[in-house]
1. Hey, among PRO183, PRO170, which residue is open to solvent by 40 Å² or more (accessible area, probe 1.4 Å) and either at pLDDT below 85 or in contact with a strand residue (DSSP E or B) (Cβ under 8 Å, 6 or more places away or on another chain) (or both)?
2. For segment 121-142, state whether one or more residues are assigned to a helix (DSSP H, G or I), at pLDDT 85 or above and not polar (S, T, N, Q).
3. Would you say LEU94 is open to solvent by less than 30 Å² (accessible area, probe 1.4 Å) and either in a loop (DSSP other than H, G, I, E, B) or at pLDDT 95 or above (or both)?
4. Do the conditions hold for GLU59, that is, is it modelled with pLDDT under 75, in contact with a helix residue (DSSP H, G or I) (Cβ under 6 Å, 6 or more places away or on another chain) and open to solvent by 40 Å² or more (accessible area, probe 1.4 Å)?
5. When the residues of segment 97-111 are filtered to those that are under 22 Å from ALA175 (Cα atoms) and of a type in the set (A, V, I, L, M), which remaining residue is most open to solvent (accessible area, probe 1.4 Å)?
6. Have a look at ALA114, ALA68 and point out the one that is modelled with pLDDT of 75 or more, surrounded by fewer than 14 Cβ atoms within 10 Å (Cβ to Cβ), under 18 Å from the mean Cα position of the chain (by Cα) and of a type in the set (A, V, I, L, M).
7. Taking segment 165-211, which residues are touching a residue at least 12 places away in the same chain (Cβ under 8 Å) and assigned to a loop (DSSP other than H, G, I, E, B)?
8. Can you confirm whether segment 73-84 contains a residue that is open to solvent by less than 50 Å² (accessible area, probe 1.4 Å), at pLDDT 85 or above and not in a loop (DSSP other than H, G, I, E, B)?
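The values are calculated or read from the model by the stated rules, or taken from the named source; none is laboratory data. All values reported here derive from a predicted model rather than from experimental measurement. Here the Cβ positions follow ideal geometry from the backbone for every residue, glycine too, while neighbour counts run over all protein chains shown. The area values use the complete protein model at the heavy-atom level, side chains included, leaving out ligands, DNA and RNA. Shrake-Rupley method; radii C 1.70, N 1.55, O 1.52, S 1.80 Å.
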Amino acid sequence: GYARAIEEWRSLQSAAEMRSGRVDLAQARLMAAPLSIGLAGSDRPAPIALLTRAAIHLESDEPERALAVVRELRGVEASAVGRAERLTLEGRALLALGRSAEAIGPLEEALVAAQAESSEGGADHDDATERAGASSDRDRNVLSGSRVGEWLGLSAVESLGRAYVASGSPLRAAALFESVHAPRLGRQECEAAILDIAAGTDLGYVTWMVG
């Protein structure tokens with residue numbers, strides 16, 4: 001109803017403020033949202049509000065609180081988008097807490113959910129994509145974005161790479177990044193290619209991901 005719509009609108013405004021670096025304003029907008037009927041008819045905030053709250057906790061250097069919030073949402077996501085966002089926030093919170101090995105699991109799951117959403121989200125655009133002569137796989141990824149304007153899954157890729165590096169597996173991180181750049185290659189193929197290229201140079205192999 002109306003209260004839920006206002007709550008979701010406030011959550012979107014809050015996310016926009018947070019992305020602009022105005023964390024205090026983001027918190028204020030979120031707290032101004034009226035409480036709607038949330039999960040299972042209880043007086044709880046809607047999932048979008050909880051996801052936004054968790055993101056604000058992360059930006060405020062409160063990973064413990066962020067982790068507690070996202071774990072309240074386990075199993076209640078209405079879509080692959082919500083699942084991908086929840087798992088990404090969970091992985092980022094664990095990474096911020098120094099629990100890098102534990103962060104890998106939810107971040108890998110986030111990528112699976114994001115890829116599922118990308119495949120489904122671009123289905124209605126296949127004809128137009130083919131007429132334009134572009135790659136339908138790439139356009140599916142472009143058309144599937146999070147509520148704050150990011151390509152879905154990109155944040156999970158960057159965070160997962162950091163988790164692998166922190167866990168002592170930089171090769172896995174590099175292969176992850178390259179497999180995203182070249183989605184037709186699997187991670188094992190990318191690992192082999194990276195080692196082959198690095199062996200033939202004096203400075204090894206460098207790759208990166210901005211998320």
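1. Numbers: PRO170 fails: either at pLDDT below 85 or in contact with a strand residue (DSSP E or B) (Cβ under 8 Å, 6 or more places away or on another chain) (or both).
Criteria check complete, one pass: PRO183.
2. Residues of segment 121-142 that are assigned to a helix (DSSP H, G or I), as a first pass: 121, 123-132, 136-142.
With the extra rule that they be at pLDDT 85 or above, the set shrinks to none.
For segment 121-142, residues assigned to a helix (DSSP H, G or I), at pLDDT 85 or above and not polar (S, T, N, Q): absent.
3. Numbers: open to solvent by less than 30 Å² (accessible area, probe 1.4 Å): yes; either in a loop (DSSP other than H, G, I, E, B) or at pLDDT 95 or above (or both): yes.
In short, yes.
4. no
5. Among residues in segment 97-111 that are under 22 Å from ALA175 (Cα atoms) and of a type in the set (A, V, I, L, M), the one most open to solvent (accessible area, probe 1.4 Å) is ALA101.
6. Selected residue: ALA68, the only one of ALA114, ALA68 that is modelled with pLDDT of 75 or more, surrounded by fewer than 14 Cβ atoms within 10 Å (Cβ to Cβ), under 18 Å from the mean Cα position of the chain (by Cα) and of a type in the set (A, V, I, L, M).
7. SER167, PRO183, TYR205, THR207, TRP208, MET209, VAL210, GLY211
8. For segment 73-84, residues open to solvent by less than 50 Å² (accessible area, probe 1.4 Å), at pLDDT 85 or above and not in a loop (DSSP other than H, G, I, E, B): present.
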